[in-house]
Amino acid sequence: MAEVSVNVTTSASAAAAASASALPIQVTPRAVDELRRKLAEAEPDVVGFRIGVKGGGCSGYYYAYDFATKIRPGRDAAFDLDGVTLVVDNRSLELLKGSTLDWERNLMSYGFKWTNPNARGDCGCGESFNVG
């Protein structure tokens, strides 16, 4: 597995939040390994892996994943997870607080799986959730 070295310049507030102890979500070692694998295949301008929550889906919100090409001062927090930079926007961070991100692979499917204590309900397909 290729090692990914990421150098990130962030705002003072994002840099202060960047310690692993300040991470308000848990990320399993399997998920970190998958993030590292995906980042090794990314374009050179990618500075990390962005996770977040967007409005939409059957239940109101859905989880979003993308490569981060920048860290927006005052809008994003960046966390170092064993050499993998995880970028989360501040709004999403509130909806993800206390959650666990895992990577799951079984006979029928594979992908990131969230355990989110803030979700009060979800749709039948499991792709979206609500907090109301």
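For residue 48, nonlocal amide neighbours, meaning residues 5 or more places apart or on other chains whose placed amide H falls under 5 Å from its own, are 68. Using only side-chain charges placed at the Cβ, +1 for Lys and Arg and -1 for Asp and Glu, the dipole size of the range 12-119 relative to its Cα centre rounds to 220 debye. Projecting the Cα atoms of 60, 84, 100 onto the dipole axis of the range 12-119, where Lys and Arg carry +1 and Asp and Glu carry -1 at the beta carbon, places 60 farthest toward the positive end.
Return the lysines within reach of residue 70: Cα separation strictly under 19 angstrom, same-chain partners fewer than 8 residues apart disregarded; answer none if there are no such residues. Filter leaves 38, 54. Averaged over residues, the count of other Cβ atoms within 10 Å places the peptides 79-85, 68-74, 109-115 in the sequence 79-85, 68-74, 109-115, highest first.
Across the range 97-109, rounded Karplus estimates of 3J(HN,Hα) from the backbone phi angles (6.51 cos²θ - 1.76 cosθ + 1.60, θ = phi - 60°) give 3, x, 7, 10, 9, 10, 10, 10, 9, 9, 5, 9, 6 Hz, Gly and Pro being marked x.
Read-outs: derived from the displayed coordinates by stated rules, not from any lab. Keep in mind it's a predicted model, so treat the numbers as computed, not measured. All Cβ positions, glycine included, derive from the backbone under ideal geometry; neighbour counts span all protein chains shown.
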